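> Can you read through this structure? Questions will come right after.
The values are calculated or read from the model by the stated rules, or taken from the named source; none is laboratory data. This one's a predicted model, so the numbers in the text were calculated from it and none came from an experiment. All Cβ positions, glycine included, derive from the backbone under ideal geometry; neighbour counts span all protein chains shown. Only protein heavy atoms, including side chains, enter the accessible area calculation; ligands, DNA and RNA are left aside. Shrake-Rupley method; radii C 1.70, N 1.55, O 1.52, S 1.80 Å.
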Amino acid sequence: MKQIKNHTLLSALCDNLDNTIAVTNPADQTLIGHVQAHSREEVEATILRARDAQKAWAKTTAKQRAAILMRWYELLMENQEDLARIMTLEQGKPLAESRGEVAYGASFVQWFAEEGKRAYGETIPTPLADRRIMTIKQPVGVAAAITPWNFPIAMITRKAAPALAAGCSFVAKPAIQTPLSAYAVVELARQAGLPDDLLAVVTSEDAPMIGDVFCNSTHIQKISFTGSTNVGRILMKQSAESVKRVSMELGGNAPFIVFDDADIDLAVKGAITSKFRNAGQTCVCANRFYVHDAVYEEFVHKFSLAVDELTVGNGLDDDVVIGPLIDDNAKLKIKSLLDQALQQGATVSAGGDDLGGQFFEPTVLTHVSHSMDIVQAEIFGPIAPVIRFSDDEELIEMANDTIYGLASYFYSKDINRIFKIAEALDYGMVGVNEGVISTEVAPFGGVKQSGIGREGARQGIDEYLNTKYICLGSM
Ligand code: ADP
């Protein structure tokens with residue numbers, strides 16, 4: 001912790017916490033610090049304070065809110081290095097990736113500071129001469145979020161920034177593996193001048209307790225969740241009782257397709273970043289590779305050589321590009337998927353070894369068929385199964401044969417094929433000749449069981465706004 005300069009960022013680690021949760025480093029299991037374990041009563045009290053604070057916030061102008069959000073953005077960027085170190089310590093991703101995530105997370109704050117000013121209503125041509133018809137947009141009220149450990153900052157700012165810009169207050173429950181990043185970004189919002197109680201973090205080892213309080217609270221009008229499809233289903237069911245608005249950013253099973261006319265070197269480069277970023281632990285990671293017969297040998301050869309070059313280790317070390325997996329369970333899960341694939345006939349073309357601790361070698365598998373478990377499951381780890389195909393129609397059927405529909409990727413130089421395939425893929429997002437496509441200006445989200453709603457872009461703020469219709473009669 002010595003290298004972290006802004007100590008107030010770690011105010012969450014103060015000595016006088018009464019009931020605490022330990023936070024450990026996934027690279028070496030050392031203790032990093034503690035955060036508060038909130039009780040049900042404390043979570044409920046936080047929601048009530050957020051409800052009260054929101055009333056005054058909703059009366060401010062979008063321009064006033066933007067000024068505070070812009071200052072928050074600047075502070076996030078001024079503290080980029082400290083935030084990145086905290087993130088690498090508790091999450092494990094290499095420092096360069098953590099720095100990238102801080103900038104990516106901050107970009108949502110900057111973007112929505114501006115978008116808040118553009119929450120336009122409409123005047124609508126009236127069908128009756130004595131009436132005037134208009135709409136205005138208003139904040140939904142208190143929004144709550146449950147976020148995962150794989151993007152400890154960006155998954156909070158991508159939700160909190162549009163909520164605050166819209167005039168909502170916001171209560172977040174981060175994953176218990178990565179709460180320090182959450183407390184740090186909230187501390188910076190406080191330093192930026194955000195009034196008390198508008199943005200709060202609650203933490204508990206009992207995630208279902210917080211989920212239950214959030215979903216059943218009549219003071220919360222909106223739940224935004226990023227995480228597994230299973231937990232998303234639970235939260236949607238729980239939210240039904242109080243008829244809450246929900247946004248769900250759930251699991252994925254992204255196909256990465258290489259056609260026979262692709263630039264193979266470009267495809268290999270894209271495959272490496274898309275598959276192995278964050279040690280393969282993102283919902284938009286390439287999960288299964290489909291490579292055309294004509295270029296299969298060349299792609300597998302070049303891809304395997306590139307994978308052999310990837311350095312695995314502690315994310316704080318300079319040359320490391322793949323950090324540890326988040327915990328023992330994550331490693332057990334990918335080991336069991338790998339064993340199953342080998343039993344079903346797959347062969348290892350690169351990697352394949354358990355490197356001890358929570359580290360696993362980046363791995364390429366060949367002789368894989370579409371029906372294998374490793375192709376059907378969300379791997380969430382550094383294993384790349386490669387499948388051969390020869391027919392575009394059959395390829396599309398395989399690519400769409402999943403309950404998920406988040407990200408998809410393909411490589412081709414043929415403009416006709418590019419449009420045809422981009423339109424045929426049943427996914428919320430398509431990367432063409434590009435392996436990393438997330439940006440604050442584009443709508444992020446899935447179809448099918450990958451979710452509901454969009455984050456980022458001009459659409460992202462609508463998730464936190466109600467449209468009110470006003471009719472002026474007897475004019
Ligand atoms: P992952 O497998 O990536 O950890 P999860 O969906 O299990 O994905 O977790 C994402 C977030 O959901 C985390 O903050 C976790 O604590 C929370 N969570 C897990 N189970 C529940 C639940 N039953 N109710 C509410 N939140 C939950």
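> Of the numbered conditions (1) more than 18 Å from LEU250 (Cβ to Cβ); (2) open to solvent by less than 60 Å² (accessible area, probe 1.4 Å); (3) acidic (Asp, Glu), GLU423 satisfies every one except a single condition; which is it?
(2)
> If you don't mind, there's one more thing I want to ask. With the condition being modelled with pLDDT of 95 or more, closer than 30 Å to ALA294 by Cα and away from the ligand (no atom under 16 Å from the Cβ), I'd like the strands (runs of 3 or more DSSP E) fully within region 176-283 carrying at least 1 qualifying residues.
Numbers: elements: 199-201, 220-226, 245-249, 254-258.
So the answer is 254-258.
> Is it the case that region 225-243 has a residue that's crowded, with 20+ Cβ neighbours inside 10 Å, out of contact with any Cys (no Cβ under 7 Å at 6 or more places or on another chain) and under 17 Å from GLY167 (Cβ atoms)?
no
> While we're looking at this one, here's another question. Answer yes or no: is there a residue in region 104-120 that is without any contact (Cβ under 8 Å) to a residue 40 or more places away in the chain, away from the ligand (no atom under 16 Å from the Cβ) and in a helix (DSSP H, G or I). Talk me through it step by step, then tell me what you get.
Of the residues in region 104-120, the ones without any contact (Cβ under 8 Å) to a residue 40 or more places away in the chain are 120.
After this cut, where a residue has to be away from the ligand (no atom under 16 Å from the Cβ) as well, the list is 120.
Checking the rest, the ones that are also in a helix (DSSP H, G or I) come to none.
Among the residues of region 104-120, not one is without any contact (Cβ under 8 Å) to a residue 40 or more places away in the chain, away from the ligand (no atom under 16 Å from the Cβ) and in a helix (DSSP H, G or I), which makes the answer no.
> Go over the candidates THR147, THR157 one by one and state the one that is touching a residue at least 24 places away in the same chain (Cβ under 8 Å), within 16 Å of the ligand (Cβ to nearest atom) and out of contact with any Ser or Thr (no Cβ under 7 Å at 6 or more places or on another chain).
Values: THR147 fails: out of contact with any Ser or Thr (no Cβ under 7 Å at 6 or more places or on another chain).
It is THR157.
> Being within 16 Å of VAL246 (Cα to Cα) and part of a loop (DSSP other than H, G, I, E, B) is the filter here, so list the residues in region 130-175 that pass it.
Result: VAL140, GLY141, THR147, CYS168.
> Six or more apart or on different chains, Cβ atoms under 9 Å: show the pairs whose first residue is in region 218-229 and closer than 17 Å to TRP149 by Cβ and whose second is of a type in the set (Asp, Glu) and away from the ligand (no atom under 13 Å from the Cβ).
SER224/GLU455; SER224/GLU463; THR226/GLU455
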